[in-house]
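Derivation of every value follows stated rules applied to the coordinates shown; laboratory data play no part. No experiment lies behind these values; they were computed from the predicted model shown. Here the Cβ is made from the backbone with ideal geometry for all residues, glycine too, and neighbour counts use every protein chain on show.
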Amino acid sequence: MLLLASMISRTIFGPTAIEFADVRVGICASVTVQMYAERRQLPLRAVHVEVSYARAPAEDYGKSDVNIGMVDRVDMGVSLDGDLSEDQQTRLFEIAQRCPVHRMLVSQVQIRPKLLVPTSPKSS
């Protein structure tokens, strides 16, 4: 029943918030690599990024400073198409991990919620 509800929800409401986050990471990594390769005039033809999300037991991450039972895990696979040397591929893979969205997700993020109350128009 849960699977059916999830399928119906996606059909009616579109992607989930997590799916949107996955897309942002993939697009950002791809664009960052393409821009770097273009500036360096590297023979990159295409970048393919596959992103998946899962909850994983915290103990799988040995040195994690997380004090909870589960952690969020994003797996990102990067495929580079072009006549690239091994060093160029390694460098482009490193660059993919430096995209702004990736850096934000791996840093300690502070979310500061604030309730914004609309002002009502003054009556004359």
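The simple spin-label model puts a point 7 Å past each Cα toward its Cβ; for ARG55 and GLU86 those points are separated by 4.1 nm.
So for the pair MET70, ARG98, with labels modelled 7 Å out along Cα→Cβ, what separation do we get in nm? It works out to 3.5 nm between the two label points. Of the peptides 36-44, 93-101, the order by per-residue mean of other Cβ atoms within 10 Å, starting with the highest, comes out as 93-101, 36-44. Summary value for the range 16-106: 37 percent relative contact order, contacts being C-alpha pairs under 8 angstrom separated by 6+ residues. Applying the Karplus relation 6.51 cos²θ - 1.76 cosθ + 1.60 with θ = phi - 60° to the range 27-43 yields 3J(HN,Hα) values of 5, 4, 4, 4, 5, 4, 5, 4, 5, 4, 4, 5, 4, 8, 6, 8, x Hz, where x marks Gly and Pro.
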